[in-house]
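Notes to accompany the following structure.
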2 protein chains.
Amino acid sequence: MSMQLNETHDPSLTSWVASANDAGSDFPIQNLPFGAFRRAGSAEAFRGGVAIGDQVLDLAALGAAATAFTDEARDALSLANRDSLNGLMAAGPAAWSALRLALSRLLRSGAEQLPQALVPQSNAEFTVPARIGDYTDFYTSIHHATTVGRLFRPDEPLLPNYKWVPIGYHGRASSIGVSGQSFPRPKGQTRPANGAAEPHFGPCRRLDYELEVGVFIGTGNADGDSIPVAEAEAHVFGLCLLNDWSARDLQAWEYQPLGPFLAKNFATTISPWIVTTEALAPYRAAWTRDAADPQPLPYLDYPALRDSGAFDIELEVLLRTAAMRDQNVPAAPLSRSNFRDGYWSVAQMVAHHTVNGCGLRPGDLLGSGTMSGPEPESAGSLLELSGGGKTSIMLPNGEQRTFLEDGDTVVLRGRAVRPGLPRIGFGEAAGTVLPAR
Amino acid sequence: MSMQLNETHDPSLTSWVASANDAGSDFPIQNLPFGAFRRAGSAEAFRGGVAIGDQVLDLAALGAAATAFTDEARDALSLANRDSLNGLMAAGPAAWSALRLALSRLLRSGAEQLPQALVPQSNAEFTVPARIGDYTDFYTSIHHATTVGRLFRPDEPLLPNYKWVPIGYHGRASSIGVSGQSFPRPKGQTRPANGAAEPHFGPCRRLDYELEVGVFIGTGNADGDSIPVAEAEAHVFGLCLLNDWSARDLQAWEYQPLGPFLAKNFATTISPWIVTTEALAPYRAAWTRDAADPQPLPYLDYPALRDSGAFDIELEVLLRTAAMRDQNVPAAPLSRSNFRDGYWSVAQMVAHHTVNGCGLRPGDLLGSGTMSGPEPESAGSLLELSGGGKTSIMLPNGEQRTFLEDGDTVVLRGRAVRPGLPRIGFGEAAGTVLPAR
């Protein structure tokens, strides 16, 4: 929140990794996102890496170059070169910042080049970058909540608790996969058809994506303690992209009274890269509400909220169908929105989650909920774009979709953009629907 | 399901651990439940143990006695003497059974006594016996669902999906603690009082317990695959007691539309002991439904369901208030029910959970949901016993309760009982409410 800019944010910095200096790259030297990787097809151990241009800097291969690091940076490096980033996440903001500064200096133009520590991203295989103990999904877009609510309750689209409570629920940790994940179309029960005595059973017929931002918890809190909202962002390691795949027909039948279950827990796809909150400091945005909206309760309010409580991150969904792959045509854009339009901030999610004493752990993942914007075309799901399945979406190659079909690949992208600054991006979170088993 | 009885179930067996032969013991030689323990107050590593009478058999201290084991039992032992039982759980029913047989022979009257491998339970400290990757809570008692539903929807107590879908939701893994757990009263938002513009914020005023049975998953399934219901119980390692502490006032305000969140995730207390499904084989019960209830869909139906789909386990809740501790009077019984009255069976929970391809992992925990029986006094929560907080419950020492007060300890107990057989029990799952922080 009160994150100061430092030399790692200097927009004039360039890297000896030439591809990092391309204006179109998601990974300039000002970004330095963390992930876990190995060489594709190898039996190597996964280890920490940092994206730079089209390369991965192998954090386990810095060798003597790390001897110039500060003690704090070297300690952080030793936590980051493991098969998951939980240790680094637990080390806290000072450690994250020390390592970021050391890596920025290591990768700058003029520093000694370390080609032996680079692996092309095209030759890397990624894994979920942390052991995720618990995964929580929020519902922070009022535009999504209103549009979806209208489909179920035309008279009362937004429930009375929405503007007071950052609504969330627990999701499934074991089915979270990294970009490249594929999964069979889920099977399950759906509501009895008109006149039918029994529910229908079979493959989902209304399979959807949800465009979300993921929040990786860094340092946790002791069970029974709450994290004050003004301190909440210091507990956040960074952000990623997250696709909360959803089976709408299963969901409509199962979700009362205890919420979504089989409709969501078969797969969740995240980007391999976690962009740190320090990297995002220059891309903070005002957190805005309508004048008629209530002020947050004190445990959800803090001085920096209105000025810089949000993150300005452009989000995008693309669809690549099997036919598009065959035709070798580009993926079709489906929706665009911006993370800054969330009704609840990242800090508010963390403070709310812990206000009852619930302990968060390093590596826990929070989802923002579907990030839909105020315009119809900025909806972050097919359920919204198709008006509840009533309207087909025309794709550039002549295909149509209301919901996802087998063979469809959904690609999420995200990038923070500000005039005069390099853009810093998240790469992709791509996932593919396979036929039902 | 088709579990055969074997020599470990022989009711005439006795143990050289004399306390195991007491008729009142939860832990005769026919039980042999698994847990993870160390000597209280020590810095020892936690390791696997088996309850026998008032002792723990230390599975890391069998030494030469294990040389007489079969290879399969010795392999299983090496997986069971660790700080969590996940390895043993993953090994599968043949391994579990081989180890059980070996331990039964080791502990029988006439076998060489191994006093050096015993630790008194009164001198043991327990931990959650598995690393729980994901925790799912079901809602399998139709009596609970009906009574609670009536409080919220007098016209439609049971929702249309209930008799078709084994309703469940994901809970919080990190706040699951073992018997002896204590936690501060959770704080949070509750519905605005009549006429108030804002929600109330403060310590929960309607804190409750829920009497449940926990199901520990043994072998899991590959992501994307389903576990057929007829094979489901082979994936279950065993059962425990589970208290799903619930903040009813937080729940009523937050739970729409995505289900319970802060109302449940601050604490969940389980018994230290997991009673294996093999130990419970002689205590199977018929699974019954009303004639008017629909037949389960095919993916939830299997031949053994009606004869022996249920487990006959008597469940009990006791309350020990701070005043009772001061007065040194016994804990007061609050409710009694039986696990056999569940509308959905353990096998149905597992089959439903995986029908969409969701992968279960060794050590995952499923809760049954509150086990309330058909009679009002067999309700498994204060919400039900107090008619939604309208009626006070008189305690034998003159105190009253509608919901829990600070200092209250709730104790769950459970035991399988059958005429002519020794009773086998679960010990206790006790937890204590501390004042809000």
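The values are calculated or read from the model by the stated rules, or taken from the named source; none is laboratory data. Since the structure is predicted, the reported quantities are computational estimates derived from the model, not experimental observations. All Cβ positions, even for glycine, are placed from backbone atoms using ideal geometry, and neighbour counts span all protein chains on display. Surface accessibility is based on the protein's heavy atoms, side chains included, excluding ligands, DNA and RNA. Shrake-Rupley method; radii C 1.70, N 1.55, O 1.52, S 1.80 Å.
Looking at residue A:347, is it more than 14 Å from chain B (Cβ to nearest Cβ), open to solvent by less than 10 Å² (accessible area, probe 1.4 Å) and assigned to a helix (DSSP H, G or I)? Give the steps one after another, and end with the answer.
Numbers: more than 14 Å from chain B (Cβ to nearest Cβ): yes; open to solvent by less than 10 Å² (accessible area, probe 1.4 Å): yes; assigned to a helix (DSSP H, G or I): yes.
Yes, satisfied.
Considering only strands (runs of 3 or more DSSP E) fully contained in the stretch A:115-156, which possess at least 3 residues that are touching a residue at least 24 places away in the same chain (Cβ under 8 Å) and within 13 Å of chain B (Cβ to nearest Cβ)?
Working: elements: A:118-120, A:124-127, A:135-138.
By residue number, A:135-138.
If the requirement is being over 19 Å from residue B:167 (Cβ atoms), at pLDDT 95 or above and touching a strand residue (DSSP E or B) at 6+ places or on another chain (Cβ under 7 Å), which of these qualifies: B:360, B:297, B:319, B:365?
Working: B:360 fails: over 19 Å from residue B:167 (Cβ atoms); B:297 fails: over 19 Å from residue B:167 (Cβ atoms); B:365 fails: over 19 Å from residue B:167 (Cβ atoms).
Result of the check over B:360, B:297, B:319, B:365: B:319.
In this structure, is residue A:20 of a type in the set (A, V, I, L, M), open to solvent by less than 10 Å² (accessible area, probe 1.4 Å) and assigned by TED's automatic domain parsing to the domain that holds residue A:93? Explain how you work it out, then say what you get.
Values: of a type in the set (A, V, I, L, M): yes; open to solvent by less than 10 Å² (accessible area, probe 1.4 Å): yes; assigned by TED's automatic domain parsing to the domain that holds residue A:93: yes.
Yes; evaluated as a whole, the condition is true for this residue.
Can you tell me which residue in the stretch A:272-313 is surrounded by the fewest Cβ atoms within 10 Å (Cβ to Cβ), limited to those that are in a helix (DSSP H, G or I) and within 14 Å of another protein chain (Cβ to nearest Cβ)?
A:298
More than 14 Å from chain A (Cβ to nearest Cβ) and modelled with pLDDT of 95 or more, is that true of residue B:336? Working first, answer last.
Values: more than 14 Å from chain A (Cβ to nearest Cβ): yes; modelled with pLDDT of 95 or more: yes.
Here the answer is yes, as residue B:336 does meet what is asked.
Any residue at all in the stretch B:214-221 that is open to solvent by 20 Å² or more (accessible area, probe 1.4 Å), outside any loop (DSSP other than H, G, I, E, B) and of a type in the set (A, V, I, L, M, F, W, C)?
no
Search the stretch B:167-206 for residues being hydrophobic (A, V, I, L, M, F, W, C) and under 20 Å from residue B:401 (Cβ atoms), and hand back the single one that is farthest from the chain's Cα centre (by Cα). Walk me through how you get there before you give the answer.
Residues of the stretch B:167-206 hydrophobic (A, V, I, L, M, F, W, C): B:167, B:173, B:176, B:178, B:183, B:193, B:196-197, B:201, B:204.
If we keep only those that are under 20 Å from residue B:401 (Cβ atoms) as well, we get B:183, B:204.
Working: B:183: 19, B:204: 25 Å.
Looking at the filtered set, the residue picked out is B:204.
Restricting attention to the stretch B:30-57, which residues are open to solvent by less than 40 Å² (accessible area, probe 1.4 Å) and not hydrophobic (A, V, I, L, M, F, W, C)? Break it down into steps so the answer makes sense when it comes.
Within the stretch B:30-57, the first condition is being open to solvent by less than 40 Å² (accessible area, probe 1.4 Å), and the residues that meet it are B:30-37, B:42, B:47-53, B:55-57.
Passing the criteria: B:30, B:31, B:33, B:35, B:42, B:47, B:48, B:49, B:53, B:55.
Could you please give the count of residues in the stretch B:99-124 that are of a type in the set (Gly, Ala, Ser) and in contact with a Lys or Arg (Cβ under 9 Å, 6 or more places away or on another chain)? Show your work before the answer.
Kept after step one, since they are of a type in the set (Gly, Ala, Ser), are these residues of the stretch B:99-124: B:102, B:104, B:109-111, B:117, B:122, B:124.
From the residues that got through so far, the ones that are in contact with a Lys or Arg (Cβ under 9 Å, 6 or more places away or on another chain) too are B:102, B:111, B:124.
Going through the stretch B:99-124 one residue at a time, the tally reaches 3.
Which numbered condition in (1) crowded, with 23+ Cβ neighbours inside 10 Å; (2) polar (S, T, N, Q); (3) more than 30 Å from residue A:297 (Cα to Cα) is the only one that residue A:141 fails?
Of (1) crowded, with 23+ Cβ neighbours inside 10 Å; (2) polar (S, T, N, Q); (3) more than 30 Å from residue A:297 (Cα to Cα), only one is false for residue A:141: (3).
Could you check, for the stretch A:399-413, whether at least one of its residues is more than 14 Å from chain B (Cβ to nearest Cβ), at pLDDT 95 or above, part of a strand (DSSP E or B) and farther than 23 Å from residue A:205 by Cα? Break it down stepwise before answering.
Taking the stretch A:399-413 first, the residues more than 14 Å from chain B (Cβ to nearest Cβ) are A:399-405, A:407-413.
Next cut, at pLDDT 95 or above only: A:399-405, A:407-413.
Checking which are part of a strand (DSSP E or B) leaves us with A:400-401, A:409-413.
Narrowing further to those that are farther than 23 Å from residue A:205 by Cα: A:413.
There is at least one residue in the stretch A:399-413 that is more than 14 Å from chain B (Cβ to nearest Cβ), at pLDDT 95 or above, part of a strand (DSSP E or B) and farther than 23 Å from residue A:205 by Cα.
Taking only the stretch A:245-271 into account, find how many residues are in contact with a Phe, Trp or Tyr (Cβ under 9 Å, 6 or more places away or on another chain), under 22 Å from residue B:158 (Cα atoms) and open to solvent by less than 10 Å² (accessible area, probe 1.4 Å).
Number of matching residues: 5.
Please determine whether any residue of the stretch B:244-258 is more than 30 Å from residue B:49 (Cα to Cα), of a type in the set (D, E, K, R), in the same structural domain as residue B:370 (by TED's automatic domain parsing) and at pLDDT below 95. Please lay out each step first, then the result.
Restricting attention to the stretch B:244-258, the residues satisfying the condition of being more than 30 Å from residue B:49 (Cα to Cα) are B:246-258.
So of that shortlist, the ones also of a type in the set (D, E, K, R) come out as B:248-249, B:254.
Filter once more, keeping what is in the same structural domain as residue B:370 (by TED's automatic domain parsing): B:248-249, B:254.
Checking which are at pLDDT below 95 leaves us with none.
Checked the stretch B:244-258: no residue is more than 30 Å from residue B:49 (Cα to Cα), of a type in the set (D, E, K, R), in the same structural domain as residue B:370 (by TED's automatic domain parsing) and at pLDDT below 95.
So, in the stretch B:175-208, of the ones that are open to solvent by less than 70 Å² (accessible area, probe 1.4 Å), farther than 20 Å from residue B:410 by Cα and outside any strand (DSSP E or B), which residue ends up nearest to the other protein chains (Cβ to nearest Cβ)?
B:199
Among the residues of the stretch A:162-174, is there at least one that is open to solvent by 50 Å² or more (accessible area, probe 1.4 Å), in the same structural domain as residue A:404 (by TED's automatic domain parsing) and of a type outside the set (Val, Ile, Thr)?
Of the stretch A:162-174, the ones open to solvent by 50 Å² or more (accessible area, probe 1.4 Å) are A:163.
Narrowing further to those that are in the same structural domain as residue A:404 (by TED's automatic domain parsing): A:163.
Then keep just the ones that are of a type outside the set (Val, Ile, Thr); that gives A:163.
Yes, that holds for at least one residue.
Yes or no: residue A:391 among the hydroxyl-bearing types (Ser, Thr, Tyr) and either on the phi > 0 side of the Ramachandran plot or open to solvent by less than 30 Å² (accessible area, probe 1.4 Å) (or both)? Before you say what the answer is, go through the steps one by one.
Numbers: among the hydroxyl-bearing types (Ser, Thr, Tyr): yes; either on the phi > 0 side of the Ramachandran plot or open to solvent by less than 30 Å² (accessible area, probe 1.4 Å) (or both): no.
For residue A:391, the condition - among the hydroxyl-bearing types (Ser, Thr, Tyr) and either on the phi > 0 side of the Ramachandran plot or open to solvent by less than 30 Å² (accessible area, probe 1.4 Å) (or both) - is not met.
Which numbered condition trips up residue B:226, out of (1) modelled with pLDDT under 95; (2) closer than 27 Å to residue A:265 by Cα?
For residue B:226, the exception is condition (1).
Can residue A:317 be described as hydrophobic (A, V, I, L, M, F, W, C) and away from chain B (no Cβ under 14 Å)? Before you say what the answer is, go through the steps one by one.
Values: hydrophobic (A, V, I, L, M, F, W, C): yes; away from chain B (no Cβ under 14 Å): yes.
Considered against the rule, which asks whether it is hydrophobic (A, V, I, L, M, F, W, C) and away from chain B (no Cβ under 14 Å), residue A:317 comes out as yes.
Taking the stretch B:25-48 on its own, how many of its residues are touching a helix residue (DSSP H, G or I) at 6+ places or on another chain (Cβ under 8 Å) and either without any contact (Cβ under 8 Å) to a residue 40 or more places away in the chain or not in a strand (DSSP E or B) (or both)? Quick ask: steps written out before the conclusion?
We begin by selecting, within the stretch B:25-48, every residue touching a helix residue (DSSP H, G or I) at 6+ places or on another chain (Cβ under 8 Å); these are B:25, B:27-30, B:32, B:34, B:39-40, B:48.
The next check asks that each one be either without any contact (Cβ under 8 Å) to a residue 40 or more places away in the chain or not in a strand (DSSP E or B) (or both); those that pass are B:25, B:27-30, B:32, B:40.
Summing the residues that are touching a helix residue (DSSP H, G or I) at 6+ places or on another chain (Cβ under 8 Å) and either without any contact (Cβ under 8 Å) to a residue 40 or more places away in the chain or not in a strand (DSSP E or B) (or both) in the stretch B:25-48 gives 7.
Tell me, yes or no, whether the stretch A:327-338 has at least one residue that is of a type in the set (A, V, I, L, M), crowded, with 17+ Cβ neighbours inside 10 Å, under 21 Å from the mean Cα position of the chain (by Cα) and not in a loop (DSSP other than H, G, I, E, B).
If we filter the stretch A:327-338 for residues that are of a type in the set (A, V, I, L, M), which is where we start, we get A:329, A:331-332, A:334.
Then keep just the ones that are crowded, with 17+ Cβ neighbours inside 10 Å; that gives A:331-332, A:334.
From what is left, the residues that are under 21 Å from the mean Cα position of the chain (by Cα) are A:331-332, A:334.
Now restrict to residues that are not in a loop (DSSP other than H, G, I, E, B): A:332, A:334.
Yes, the conditions are met somewhere in the stretch A:327-338.
Which of (1) at pLDDT below 95; (2) open to solvent by 10 Å² or more (accessible area, probe 1.4 Å); (3) on the phi < 0 side of the Ramachandran plot does residue A:149 not meet, given it meets every other one?
Condition not satisfied by residue A:149: (2).
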